[in-house]
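Working notes for the structure below.
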Amino acid sequence: MEDSEKNREDFIHLARVALSDRQQDVYAFLNRLAKRTEDRDFANSLVELLRKRPTRSSTLRRSPTVALPVDTDSRFQLLRAEEHPTLPHEPIYADGVRDMLKRLVDERKQLEALTEAGLEPTRTVLFTGPPGVGKTMAARWVARELDRPLLILDLSAVMSSYLGRTGTNLRHVLDYAKSIDCVLLVDELDAIAKRRDDAAEIGELKRLVTVLLQQLDDWPSSGLLLAATNHEELLDPAVWRRFEEQVAFGLPEREAARAFVNSLLEFVEPNASEWSDVLSLALAGQSFSDIERKVNSARRSAALNGRKISDHLATLLSANDCPKNERIDLAVQLAKSGLVSQRRAHELTGVARETIRDRLRSKGFLAKDLE
Ligand SMILES: Nc1ncnc2c1ncn2[C@@H]1O[C@H](COP(=O)(O)OP(=O)(O)OP(=O)(O)O)[C@@H](O)[C@H]1O
Ligand SMILES: [Mg+2]
């Protein structure tokens, strides 16, 4: 195609989106243009303009009463806004996850460095992993570090009641989120992103996926769209591909479980560190939220019946159905810690006292007072 013809087309397209007041689409188009052109000066001027663009970012901050999108008929609020996201405690993540989250924040904090290198910050990220491992928490963490409001769109809630209108609602919500400098979390993404070839999910669902794919492609680099799912296998590969980065959250390994239990107990249990060692053996591999629920349940029981927390913590070990060799490790660790007697270690874990004694002896731990 002739250059002048292409330019004319671009100009018409730009005029069309500008005149229909779709400011974010203007930005997206200019961005694409900057990437496509071979004229470096032209590209740099565009990038510079986009970078300095007057943001409408602070709508939410300036006016906390700003109306969030609602479903037109029901007035059901489609988005939850957390203006200043806070966390119940600091999250614990595996190295790879932590590095990635930190990078997302650094990219925004050091935007100049990226721009100078002709790059844009990551716009869309998919969080995958089982329930209760900190995906939603990570979105809060990122928003807090960036000092931006967090908008949460829970797709399953929006879809369950309003399927007929979800297409319009979704576009409405995403357009709104694009118009402010926020972090948007699309939670329970799998509610929409089912395979498009699934015969049962025809019509409306297909349209929804199309809306979502378009929005992902056009998401402006001023915003950050995070999406979370614990059913990654349900995602259409076309949806997967659209995300620039994917972060896989896993169940905690022993060290993470130990640090987490310790953080839950350190101010309430004198032997927090010893209990964390022992409990981490039994609880590693369970989700953070399950671990938290169990430890808090032990604390509640202790508060109600006036017994020590440690009496209730011990029962978390007996309910544990881990394989035999792990149970032996647990019994030995328990006896070694001095938190309970050898007899109690045997009762709690079902491991014979003889076995516990043999192991301790072979490891050189059998002091007289442990007998
Ligand atoms: N990595 C973590 N570090 C510390 N606490 C955690 C972590 N993950 C989860 N928790 C605890 O569990 C709670 C639930 O976590 P969160 O809602 O982030 O899980 P999720 O991965 O989004 O789960 P779901 O898939 O069910 O939405 C948190 O409020 C926090 O108390
Ligand atoms: Mg979640």
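So the values come out like this:
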| quantity | calculated |
| --- | --- |
| Qualifying residues in the stretch 124-153 (those that are in a helix (DSSP H, G or I) and within 12 Å of ligand 2 (Cβ to nearest atom)) - the one farthest from ALA228 (Cα to Cα) | ARG140 |
| Filtered residue count, the stretch 325-353, keeping only those that are touching a residue at least 24 places away in the same chain (Cβ under 8 Å) and at negative phi | 20 |
| Residue that is farthest from the chain's Cα centre (by Cα) [pool: residues in the stretch 247-270 that are open to solvent by 40 Å² or more (accessible area, probe 1.4 Å) and within 16 Å of ligand 2 (Cβ to nearest atom)] | LEU251 |
| Condition check for ALA193: open to solvent by less than 10 Å² (accessible area, probe 1.4 Å) and either at pLDDT below 70 or more than 16 Å from ligand 2 (Cβ to nearest atom) (or both) | yes |
| Residue among GLN342, GLN333 that alone is open to solvent by less than 50 Å² (accessible area, probe 1.4 Å), over 38 Å from the mean Cα position of the chain (by Cα) and of a type outside the set (A, V, I, L, M, F, W, C) | GLN342 |
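Here's the yes/no breakdown for (1) among the aliphatic types (A, V, I, L, M); (2) modelled with pLDDT of 85 or more:
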{"site": "MET1", "(1), (2)": "yes, no"}
{"site": "ARG61", "(1), (2)": "no, no"}
{"site": "ASP73", "(1), (2)": "no, no"}
{"site": "PRO91", "(1), (2)": "no, yes"}
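The values are calculated or read from the model by the stated rules, or taken from the named source; none is laboratory data. What you see is a predicted model, and the numbers here were worked out from it, not measured in a lab. Heads up, the Cβs are rebuilt from the backbone with ideal geometry, glycines too, and the neighbour counts pull from every protein chain shown. The accessibility values were calculated without ligands, DNA or RNA, using every heavy atom of the protein model including side chains. Shrake-Rupley method; radii C 1.70, N 1.55, O 1.52, S 1.80 Å.
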